[in-house]
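Scroll down for the structure; my scribbles are underneath it.
We did not get these values from a lab; they are worked out from the coordinates using the rules stated. Quantities reported herein were computed from a predicted structural model and do not represent experimental measurements. Note: ideal-geometry Cβ built from the backbone for every residue, glycine included; neighbour counts use all protein chains shown.
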């Protein structure tokens, strides 16, 4: 697999930021509908994640984005973002390698010089 590391890291960071923000909303009002403005921000990032994850890593085969006409709740959005973050981490864990005590991305199965953090608790 050939992961565009910069695109991956940007997408993962954006999803994590959304997860954190929606998490705050979900704690206060989990059953409130999210507004269309937020969905217009969330959906393009989900499309980016879908591009990275493809069918092999995508969390749900029948989900691509939220429907702006039937607004999901804060807790619904949080659930989906959590699943996407977990799947992105699985993709990352499958595409990194340890060299001594440091971790590096690999492309096409070969270690690169691009450093990364150790994998989170996801079996490879």
Query raised in the report: Going by alpha carbons, how many degrees (0 to 90, nearest 10) lie between the helix axis of 74-93 and the longest principal axis of the chain?
Result: 10 degrees
Query raised in the report: By per-residue mean of other Cβ atoms within 10 Å, what is the highest-first order of 8-14, 96-102?
Result: 8-14, 96-102
Report task. Express the relative contact order of the chain as a whole percentage, based on alpha carbon pairs under 8 Å and six or more residues apart in sequence. Result -> 28 percent
Report task. Note the full-extension length gain between residue 55 and residue 83 as 0.36 nm times their separation in residues minus their Cα-Cα distance, in nm to one decimal. Result -> 8.7 nm
Query raised in the report: Based on the alpha-carbon gyration tensor of region 5-95 and its eigenvalue square roots a ≥ b ≥ c, which shape applies: rounded if a/c is under 1.5, prolate if not and a/b is larger than b/c, or oblate?
Result: prolate
Requested in this report: Report the residue, chosen from 37, 60, 104, that carries the largest GNM mean-square fluctuation when the chain is represented by alpha-carbon nodes joined by springs under 10 Å.
Outcome: 37
Report task. Just report the Cα centroid separation between region 74-124 and region 20-62, whole Å. Result -> 19 Å
Query raised in the report: What does the highest-first list of 15-22, 107-114 look like by mean Cβ count within 10 Å?
Result: 15-22, 107-114
